[in-house]
Structure formats: C-alpha cells, structure tokens
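Here the structure comes first, spelled out in structure tokens, and everything after it is commentary.
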Amino acid sequence: MENLANVSSEDELLQLRNEGKISEDEYGQLLAAMSKPPSDSVTTRVSESPSIPVSLKVVAWIFIVGGVSACIEIVVALMSGHININFGILGLFIGPGLLKLRRGWRTCALVYLVVALIAIPIITVLSLGAPASGFHISVFGQPLSRAPMELVLVIATGAFLLSVWVLWVLTRPQIRALFGLDRS
C-alpha cells in the first residue's frame, strides 16, 4: 500500500474515487471544497473570542498573588515544623480559571469572597480585644512586630474594600456574560 503521507490531498481523493469508496459527485464536491479559500466565518469566530476586561485580569492576578503568598506561607510553616492550613492557596487555581473564563472557578471565587467578607469583620472585632500593647504581625508565618490597632483597622478595611470591589467586578453583567451566564 502506498504511503499516504506523501500523497497530496487531490491524489488521495482521486484514489478514493478510483477505488469506488466515493462517488464521482462526492469527488467533485470535495475537490471544489478543497480549492475554496477558508470562509470568513472561521476567521470571524476566532476574532470574536471574548476579550478579557482589565478589571477581570486584575481580579485574577489578585487571586494568583494571594495564592503564591499562601503557598510561601505554608512552605515556611512546614520548614518551621508547623502545619498551616491556608485556603488562600486556592488563588493559584481561581486566578487562572478566571483568565480562562471557567464558570466553576468564578463560582469558587464568589464563595471565597463571601467567606472573606464575613471573616474580615469578625476577625477585626476579635482583634480589638487584643492586649493594649498591640496586635502581632507576621509575614509568611514569621513574626515581625506588634502593630498598633489603628494599622490593623486600616489593613482590615483595605482588605474588606478590596473584597467588595472584586465581588462587584465578578457580578457585573458584562463579566457574567463572559462566563456564559445571562445578563439578568
């Protein structure tokens, strides 16, 4: 049998016709289809792929950076002999999922945000009961210093407002439409 890799498409069609595997009419249709340039519909579909808004890219990168930070914190804790469970590591999956417009990762991001919007005020209120000397600050699990309560409140407020903005971005009608959800 002849090596088909070295045979042109037209020769292959001719061979199929001669062997009786396709009719004369099918041969003519296939030959005509092969000689036509690609239709505009193919290029239109490629050019119509959704453009990701800058706000969604920023949200995705916020999750990715948070995931990397959580990963570093977990590794540092393990090296110190501690086990650290940090759900922030989900950002390593949520961020790329948002960039790929995966509906399930958008849902995961929304659940994550709702938990954050509930937890941030609770943790802030509980930290107000900390000793007057301040609140302990650590970076990647390593204690740095005691922070004044005012700084804790500023950081918590910033984190809360950032979470509200991210939630707003993910629930905007234009963003919902990118994930294949209705505009209502």
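The values are calculated or read from the model by the stated rules, or taken from the named source; none is laboratory data. Since the model is a prediction, treat every value here as computed from it, not as a measurement. All Cβ positions, even for glycine, are placed from backbone atoms using ideal geometry, and neighbour counts span all protein chains on display.
Criterion first (under 30 Å from Leu170 (Cα atoms), touching a Cys at 6+ places or on another chain (Cβ under 9 Å), modelled with pLDDT of 80 or more and in a helix (DSSP H, G or I)) does Gly88 satisfy it?
So Gly88 passes the test.
Restricting the range 59-85 to residues that are closer than 17 Å to Leu170 by Cα and touching a residue at least 40 places away in the same chain (Cβ under 8 Å), which is surrounded by the fewest Cβ atoms within 10 Å (Cβ to Cβ)?
Ile62
Can you list residue pairs whose Cβ atoms sit under 9 Å apart, with the first residue in the range 111-130 being on the phi > 0 side of the Ramachandran plot and the second being surrounded by 12 or more Cβ atoms within 10 Å (Cβ to Cβ) and at pLDDT below 90? Count only pairs 6 or more apart in sequence or on different chains.
Final answer for the pair search is none.
Results for (1) of a type in the set (Phe, Trp, Tyr); (2) assigned to a loop (DSSP other than H, G, I, E, B); (3) out of contact with any Gly (no Cβ under 8 Å at 6 or more places or on another chain); (4) modelled with pLDDT under 85, shown as yes or no for each residue.
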| position | (1), (2), (3), (4) |
| --- | --- |
| Ala130 | no, yes, yes, yes |
| Ser138 | no, no, yes, yes |
| Pro143 | no, no, yes, yes |
| Leu151 | no, no, yes, yes |
| Gly158 | no, no, yes, no |
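So, Leu56, is that one surrounded by 13 or more Cβ atoms within 10 Å (Cβ to Cβ) and either modelled with pLDDT under 80 or not assigned by TED's automatic domain parsing to the domain that holds Val111 (or both) or not?
Taking the combined requirement at face value, the residue does not satisfy it.
Filter the range 91-106 down to residues that are surrounded by 15 or more Cβ atoms within 10 Å (Cβ to Cβ) and in a helix (DSSP H, G or I), then give me how many there are.
Qualifying residue count for the region: 11.
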